[in-house]
Amino acid sequence: MKKLIVFLLPLVLIFGCSRDAVNDENVILKKAKVPIPMKGVICMTEKEGVERMPVWFPGTETPVPGVSMSREAWLSGHLTLCGKLGEESSMTGIYAYLDMEAYGEGRIVLNALYTARIFAANGDFIDLNSPIVIEKIGDERYITGTVTLTGGSGNYENITGEGVLNGIIPCWDISGQYMFPR
């Protein structure tokens, strides 16, 4: 009987006490209220059947002829913060305008503000705001900007954070940090 207990005890400790190390680390960091690194790649797919967002001349109510942006898009990809993005992740355009200084230099540069809701696999979500700049060079559309995490649900309740993004549309890299202040 002693031999059986001695044999089973290590198995119980190994299998009975194992946990997901990533979740344990996040719980410890969440309680510590310290910044946690965030990295990932996000890609967009424009929603079909949604009217595109006009791009405005700054300070006017005049749209730039023939220039528009995605008003709504689905998001896919991966973030260290939440893993693979849930398929209901999306972004919505708030406004967009033409950079007149760049236009005067012969460049097409658009400034825009988007909001997004990123879903994790378990259904919890993260809300964010993202002011972006898109510059068209040849056939490519280069995107740069910032990301500000503004809250969420479930595991992401009270989350805050910020980061930067850059890439070539339809995909971009994100890096930054987040934390749970409360």
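The values are calculated or read from the model by the stated rules, or taken from the named source; none is laboratory data. Just so it is clear, the structure is predicted and the values come from calculations on it, not from any experiment. When we count neighbours, we look across all protein chains shown, and the Cβ atoms used for this are built from the backbone with ideal geometry, even at glycine.
Would you confirm, using the coordinates I've provided, whether Thr160 is surrounded by fewer than 21 Cβ atoms within 10 Å (Cβ to Cβ), in contact with a Leu (Cβ under 9 Å, 6 or more places away or on another chain) and closer than 19 Å to Thr92 by Cβ? Outline the logic, then answer.
Details: surrounded by fewer than 21 Cβ atoms within 10 Å (Cβ to Cβ): yes; in contact with a Leu (Cβ under 9 Å, 6 or more places away or on another chain): yes; closer than 19 Å to Thr92 by Cβ: no.
Considered against the rule, which asks whether it is surrounded by fewer than 21 Cβ atoms within 10 Å (Cβ to Cβ), in contact with a Leu (Cβ under 9 Å, 6 or more places away or on another chain) and closer than 19 Å to Thr92 by Cβ, Thr160 comes out as no.
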Item to complete: From (1) at pLDDT 95 or above; (2) part of a strand (DSSP E or B); (3) not β-branched (Val, Ile, Thr), pick out the condition that doesn't hold for Gly49.
Response: (2)
Discussion item. Ala102 - would you say it is in contact (Cβ under 8 Å) with a residue 40 or more places away in the chain and among the hydrophobic types (A, V, I, L, M, F, W, C)?
Written reply: no
Worksheet entry | Flag if Asp173 is of a type in the set (D, E, K, R), farther than 22 Å from Pro54 by Cα, surrounded by 14 or more Cβ atoms within 10 Å (Cβ to Cβ) and in contact with a helix residue (DSSP H, G or I) (Cβ under 7 Å, 6 or more places away or on another chain) | no
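Quick one: would you say Leu110 is more than 17 Å from the chain's Cα centre (by Cα) and buried (at least 20 other Cβ atoms within 10 Å of the Cβ)?
Details: more than 17 Å from the chain's Cα centre (by Cα): yes; buried (at least 20 other Cβ atoms within 10 Å of the Cβ): yes.
Yes.
Answer yes or no as to whether Ala116 is assigned to a loop (DSSP other than H, G, I, E, B) and either aliphatic (A, V, I, L, M) or modelled with pLDDT of 95 or more (or both). If you could, list the steps in order and put the result at the bottom.
Values: assigned to a loop (DSSP other than H, G, I, E, B): no; either aliphatic (A, V, I, L, M) or modelled with pLDDT of 95 or more (or both): yes.
It is false that Ala116 is assigned to a loop (DSSP other than H, G, I, E, B) and either aliphatic (A, V, I, L, M) or modelled with pLDDT of 95 or more (or both).
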Practice prompt. State whether the residues of region 132-154 include one that is part of a helix (DSSP H, G or I) and touching a residue at least 40 places away in the same chain (Cβ under 8 Å).
Written response: no
Item to complete: Determine the pairs where a residue that is in contact (Cβ under 8 Å) with a residue 60 or more places away in the chain, located within region 170-182, has a partner that is part of a strand (DSSP E or B) and charged (D, E, K, R) with Cβ atoms under 6 Å apart, the partner being 6 or more residues away or on another chain.
Response: Ser175/Lys39; Gly176/Glu162
Response to the item:
Considering residues that are surrounded by fewer than 17 Cβ atoms within 10 Å (Cβ to Cβ) and within 29 Å of Ile126 (Cα to Cα), the number found within region 77-105 is 9
Discussion item. Need the failing condition index for Val64 against (1) at pLDDT below 50; (2) assigned to a strand (DSSP E or B), just the number.
Written reply: (1)
Worksheet entry | Cβ-Cβ under 8 Å pairs, at least 6 apart or on other chains, region 61-77 side among the basic types (Lys, Arg), far side in a strand (DSSP E or B) | Arg71/Met53; Arg71/Thr92; Arg71/Gly93
